[in-house]
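Contents: one structure, followed by commentary.
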């Protein structure tokens, strides 16, 4: 007998998907704070990547079907590059190696209510 029945996993995955759908929509439209938010070029690229992933998932077999999202990322990058939407200028200035600074964003915050909610 499985640890989590299909009904439980289905509800959990659906809840996670519904909670992050706004992030996906924002990214597909160009990202929050972008002056060209909602540009049809961004939406078209996002839609093309979605269709590409769905086609690979539906018609490819075996390994290719399993890596459909990875292939979609590559397809999206190449499509964006061909449409001159890729800016790699920041890579020229970046160092090859960098030392990781622990806690560079500050000390972690432990909220007891959140911890109890997750452990209950």
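Laboratory data are not the source of any read-out in this text; all were calculated from the coordinates shown. No experiment lies behind these values; they were computed from the predicted model shown. Cβ: placed from backbone, ideal geometry, glycine included. Neighbour counts: every protein chain shown.
Subtracting the Cα-Cα distance of residue 109 and residue 7 from their residue separation scaled by 0.36 nm leaves 33.4 nm. For the chain, the mean residue ellipticity at 222 nm estimated from helices alone is -19500 deg cm²/dmol, where every DSSP H run of n ≥ 4 contributes -39500 (n - 2.57) and the total is divided by all residues, rounded to the nearest 500. Solvent-free Debye calculation, one equal scatterer per alpha-carbon of the range 39-89: log10 I(q)/I(0) at 0.17, 0.31 Å⁻¹ equals -0.52, -1.12.
Look at 47, 4 and count the other Cβ atoms within 10 Å of each Cβ; fewest to most, that gives 4, 47. Working from label points 7 Å from Cα in the Cα-to-Cβ sense, the residue 55 to residue 88 distance is 2.5 nm.
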